[in-house]
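Below is one structure, written out as structure tokens, with a few remarks after it.
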Amino acid sequence: MTTPLVGPEFGSYAPEEVTWLLKDLSHADLEADVALREQRIQSGEAHYAESLPIEYQPDAAYRELFETVLSESAPRLARAVGTVTDLVLAERGSDVVLVSLARAGTPVGILMRRWAQHVHGLTLPHYAVSIVRGKGIDSVALDYLARHHDASNIVFVDGWTGKGAIARELEAALSEYQAGGGAEFNPDLAVLADPGYCVRTYGTRDDFLIASACLNSTVSGLVSRTVLNDTLIGPGDFHGAKFYADLADVDVSNRLLDVVSAEFDGVRSDVADSLAAVRASDRTPTWAGWESVEKVQAEYGISTVNFVKPGVGETTRVLLRRLPWKVLVRESGAPEHAHIRLLAEARGVPVEEVPDLAYSCVGLIKDIT
């Protein structure tokens, strides 16, 4: 069985905060120019998970904006962390095992673990695993989890929903795993923010800025996005990822965790109110986000929904690691996407105001086929 990874040998998070069910590919040459990589993905020549984009390192002005965003949004983030964690504990019990979807889910899983420990005195196991759109979740990682824990206690965690592609991918992959003789896992995905109305376990359904979306590996434990490449990942291997130890001097991963955690005591009563409101509401997924994406796709003549990335987090990702065509915003001066406007300006990407947009903003990927 493949050996899990922990920091500081892999990643900058403390070993007790997360166990990475990944294969270390730090010495592999996987990065490709963004334009070249985009061309190969769009032509069908390569899957996006076979390579990595060159990590975009923002300038000083953007890093300063991140600090502002972090300090201003920390109480709201803490409230969402507390709400989703207490919702999980109330509905799934106190012996849950958190399994975050690397990499966007990992800081969220750590914060949920910290809340459970700080507020309830619980020490929850926390793992990070890979899921790849179009390829499913890492079945070797599922084997590991089933061997070491009761599968019914596993709670999958992510940062936010866009149009819900990963929620659908997770449910399909877990069903396929079980049909193949594997353990039965609960596909209910827990997220901080669910603006797409795709899940029933969330901290909020507001499309607000989660600070960990603003950067790449330097806010995610210096770990790359995950890689599934047949030349490097063999049978019995976990999916892979790289540890960018050379970026340690600009790493803010633990700073984000500490700033948000420092707000925990101050939001306890707010969390109680939020939890009561969420539990009293109709949480049935409506997939309203998917419908709005299809509307944008039709209005802008876009060939595939995969080129429409809704929400603050997904729009940020488009600007950081894809070839953006344009950005749509509901309100041109909204504070939750000040960083997006800065990134768009730096990359020469037009920003268009669309007042009836279902999300705060939407990123559109350039079709180069």
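The values are calculated or read from the model by the stated rules, or taken from the named source; none is laboratory data. The structure displayed is predicted, hence computed values, not measured ones. In this analysis, Cβ positions are derived from the backbone assuming ideal geometry, glycine residues included, and neighbour counts consider all displayed protein chains. Remember, those area values only see protein heavy atoms, side chains included, never the ligands or the DNA or RNA. Shrake-Rupley method; radii C 1.70, N 1.55, O 1.52, S 1.80 Å.
Remarks
- Potential lengthening between Ile368 and Val6 on full extension [0.36 nm per residue; Cα-Cα distance subtracted]: 126.4 nm
- At R0 = 45 Å, FRET efficiency that the Cβ-Cβ distance of Thr286 and Ala248 yields, to 0.05: 0.55
- Here the contact order of the stretch 1-154, divided by its residue count and restricted to Cα pairs under 8 Å and six or more residues apart, works out to 23 percent.
- Basic side chains Lys and Arg get +1 at the Cβ, acidic Asp and Glu get -1 at the Cβ, and with that the dipole of the stretch 76-121 about its Cα centre reaches some 240 debye.
- When +1 charges are put on Lys and Arg Cβ atoms and -1 charges on Asp and Glu Cβ atoms, the dipole computed for the chain relative to its Cα centre reaches about 300 debye.
- Taking the centroid of alpha carbons for each part, the stretch 294-317 and the stretch 1-69 are 23 Å apart.
- Here the contact order of the stretch 211-309, divided by its residue count and restricted to Cα pairs under 8 Å and six or more residues apart, works out to 21 percent.
- Backbone HN-Hα couplings from phi across the stretch 188-203 [Karplus 6.51/-1.76/1.60, Hz, Gly and Pro as x]: 5, 8, 9, 10, 5, 10, 10, x, x, 6, 10, 9, 10, 10, 7, x
- Listed residue (Ser360, Leu342, Trp290) projecting farthest to the positive dipole end of the chain, Cβ model: Trp290
- From most to least packed by mean Cβ count within 10 Å, the peptides 75-83, 104-112 give 104-112, 75-83.
- Normalised by the number of residues in the chain, the mean separation of alpha-carbon contacts (under 8 Å, six or more apart) gives a relative contact order of 21 percent.
- Overall, the anisotropy analysis places the stretch 149-195 in the oblate class: the square-rooted eigenvalues a ≥ b ≥ c of its C-alpha gyration tensor yield a/c not less than 1.5, with a/b not exceeding b/c.
- For the stretch 135-174 versus the stretch 76-114, the spacing of their alpha-carbon centroids is 14 Å.
- Gyration tensor (alpha-carbon) shape descriptor, the stretch 151-232, a/c threshold 1.5: oblate
- Cα shape, the chain, gyration tensor, a/c 1.5 rule: rounded
- On the stretch 263-347, 48 percent of the accessible area sits on carbon and sulfur atoms, based on a 1.4 Å probe.
- Fluctuation leader among Leu228, Leu247, Leu22 - the chain, Gaussian network, Cα springs under 10 angstrom: Leu247
- Here the sum of -39500 (n - 2.57) over DSSP H runs of 4 or more residues, divided by the residues of the chain, equals -12000 deg cm²/dmol at 222 nm, to the nearest 500.
- Cα-centred dipole magnitude for the stretch 232-350, charges only on beta-carbon of K, R (+1) and D, E (-1), debye, nearest 20: 440
- Note that the stretch 161-231 presents 31 Å² accessible area per residue, ligands and nucleic acids not counted, probe 1.4 Å.
- Based on protein heavy atoms only, the stretch 81-126 ends up with 25 Å² per residue of surface accessible to a 1.4 Å probe.
- Rounded percent of accessible protein surface that carbon and sulfur make up, the stretch 1-123, 1.4 Å probe: 51
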